[in-house]
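S.K.: Following this message is one structure expressed as structure tokens.
The values are calculated or read from the model by the stated rules, or taken from the named source; none is laboratory data. Keep in mind that what you see is a predicted model, and the values were worked out from it rather than measured. A quick note on method: Cβ atoms are made from the backbone with ideal geometry, for glycine too, and the neighbour counts reach across all protein chains shown.
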Amino acid sequence: MNTEEIQPEQVAGPVPVLAVIGRPNVGKSTLVNRILGRREAVVEDVPGVTRDRVSYDAVWNGRAFTVVDTGGWDPDARGMAERIAAQAEIAIGLADATLFVVDATVGITDADEAVVKILRKSGKPVILAANKVDDERAEAEAYGLWNLGLGEPYPVSALHGRGSGDLLDAVLAALPEPPPEQDTPLGGPRRIAIVGRPNVGKSSLLNRLAGEERVVVDNVAGTTVDPVDELVELGGRTWRFIDTAGIRKRVKEASGHEYYAWLRTSTAIERAEVCVLVLDAEQSVAEQDMRILQEVREAGKALVIAFNKWDLVDDERRYYLDREIERDLVQVQWAPRINITARTGWHVDRLVPALDKAIEGWETRISTGALNAFLGRLVAEHPHPVRSGKQPRILFGTQPQTSPPTFALFTTGKLDAGYERYIERRLREQFGFVGTPIVINVKPRE
Ligand code: GDP
Ligand code: GDP
């Protein structure tokens, strides 16, 4: 299957969300990879942080949507059917349409039946994929799935790609058309996700920003029961805050609670242009914060870091906080940081300028001429070290994309990871790129 790289120009406004659900091992992750055309992100590994992205941008036939992959989460064997059902309910709640995957070689199980009940209740569009139909012979098995009462089963082989085009056509037909955005001609209001651990002050911040009157409840995701996004006016402009339902609603302590929170966070990041990571300034940066930062970087979003509860920070805490920032936030040194007290509103007005700065960096484009002049100087000052008698040279560079800034370097060989970091550092010194990750793709010509 051929999935084009998303150009930011194509993604005007928020895109619809497709959740891929089903029992463990039916092939959800394989199918998601197929939908994504196995687009691989270039990411440097952060030790101690597991890679657990669940939401991705996808494009089929020129239409963009967000795919939520629930494949990474396997409920334990105890109470399996109920857990699968609970997981499905969460994912369906987030989505505009659901791709329900069944293993056609196994047929329908109790767990599948439980999910079907929830799907019916949700009233949202469902596309039924009968997976592992690897050849024509196996197609007969798919027909038994008509019994589920979810309409036509689409026989597909996620592994080999068989039938996946028809399946994706059906997915597109089920997803709502993105609503036309009237606020600005280009892409509509900026999309912001407020993310962070529980109790850091996300909803306090949102309430501060939105006030009570100025909130426009906007039922973006058509059939979704929760109003998902809110339009908020700040600094004379309208901004779209993503998945505020997830922030405002207190999530019940339940099995899979953490997974629930993560699914929401990951999907919000994917749907946003710029993320505000809220940290409790009284507390040290935690593993969960690192996970969120990792996700923001992998998803290539702009970032602002807000240290909240500044009213509780005294000189001693300040001293340690500065050291923690140096140690734990070194990977995102480029992100604008603001210190705020959401409870009183102190310095909350600094958020908009920080967002503007981050978005500006995220959308910066360097002309090919300026980039190559810069690369020429960089190499002259600090050439790549010689490796086993060879010295990789940079022949030419371009920046084919913004949002985030993405560079292609044509070289005579692979570059050291350290040298790539050096290039990134110098790019930032020279051109700013405040508030945005940078992607460098090295293309050796040999
Ligand atoms: P998940 O737990 O639902 O995400 O399932 P995975 O995507 O991890 O797949 C589970 C297993 O089924 C893996 O061994 C896959 O290779 C296999 N699988 C997935 N899709 C197909 C398919 O279309 N045909 C066959 N024969 N195997 C498949
Ligand atoms: P959320 O779970 O991230 O949405 O956090 P909340 O907005 O619900 O806040 C969690 C707790 O922190 C509440 O008791 C808030 O009153 C408190 N809180 C939020 N912002 C501040 C702040 O700026 N200073 C202080 N001292 N407390 C705050």
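S.K.: List every residue pair whose Cβ atoms lie under 6 Å apart, where the two residues are 6 or more positions apart in sequence or sit on different chains, the first residue falls within region 193-220 and is at pLDDT 90 or above and within 7 Å of ligand 2 (Cβ to nearest atom), and the second residue, located anywhere, is acidic (Asp, Glu) and outside any loop (DSSP other than H, G, I, E, B).
M.R.: Between residues of region 193-220 that are at pLDDT 90 or above and within 7 Å of ligand 2 (Cβ to nearest atom) and residues that are acidic (Asp, Glu) and outside any loop (DSSP other than H, G, I, E, B), the close pairs are VAL200/ASP280.
S.K.: Sticking with this one: For region 131-141, does any single residue satisfy the condition of being buried (at least 20 other Cβ atoms within 10 Å of the Cβ) and either within 16 Å of ligand 2 (Cβ to nearest atom) or on the phi > 0 side of the Ramachandran plot (or both)?
M.R.: yes
S.K.: Just to be sure I understand, how many residues within region 405-437 are in contact with a helix residue (DSSP H, G or I) (Cβ under 8 Å, 6 or more places away or on another chain), within 17 Å of ALA370 (Cβ to Cβ) and aliphatic (A, V, I, L, M)?
M.R.: 3
S.K.: Would it be correct to say that ARG377 is farther than 30 Å from ARG240 by Cα and either among the hydrophobic types (A, V, I, L, M, F, W, C) or not in a loop (DSSP other than H, G, I, E, B) (or both)?
M.R.: yes
S.K.: Related question: Mind checking which residues of region 294-347 are closer than 22 Å to THR436 by Cβ and within 15 Å of ligand 2 (Cβ to nearest atom)?
M.R.: ILE305, ALA306, PHE307, ILE338, ASN339, ILE340, listed by residue number.
S.K.: What single numbered condition from (1) surrounded by 14 or more Cβ atoms within 10 Å (Cβ to Cβ); (2) farther than 17 Å from GLY300 by Cα fails to hold for ASP356?
M.R.: (2)
S.K.: When the residues of region 410-439 are narrowed to those that are of a type in the set (Val, Ile, Thr) and within 17 Å of PRO383 (Cβ to Cβ), which ends up surrounded by the most Cβ atoms within 10 Å (Cβ to Cβ)?
M.R.: ILE423
S.K.: Sticking with this structure for a sec: Of all residues in region 391-418, count the ones that are under 28 Å from the mean Cα position of the chain (by Cα), under 24 Å from GLU363 (Cα atoms) and outside any loop (DSSP other than H, G, I, E, B).
M.R.: 9
S.K.: Go through region 114-160 and give me each residue that's in a loop (DSSP other than H, G, I, E, B) and touching a residue at least 40 places away in the same chain (Cβ under 8 Å).
M.R.: Matches in region 114-160: GLY123, LYS124, PRO125, LYS132, LEU150, VAL156, ALA158, LEU159.
S.K.: Now a separate question. What are the pairs, 6+ residues apart or on separate chains, where a residue within region 278-302 that is in contact (Cβ under 8 Å) with a residue 24 or more places away in the chain and assigned to a helix (DSSP H, G or I) has its Cβ under 8 Å from a residue that is among the hydroxyl-bearing types (Ser, Thr, Tyr) and surrounded by fewer than 22 Cβ atoms within 10 Å (Cβ to Cβ)?
M.R.: Qualifying pairs under 8 Å: ARG291/THR50.
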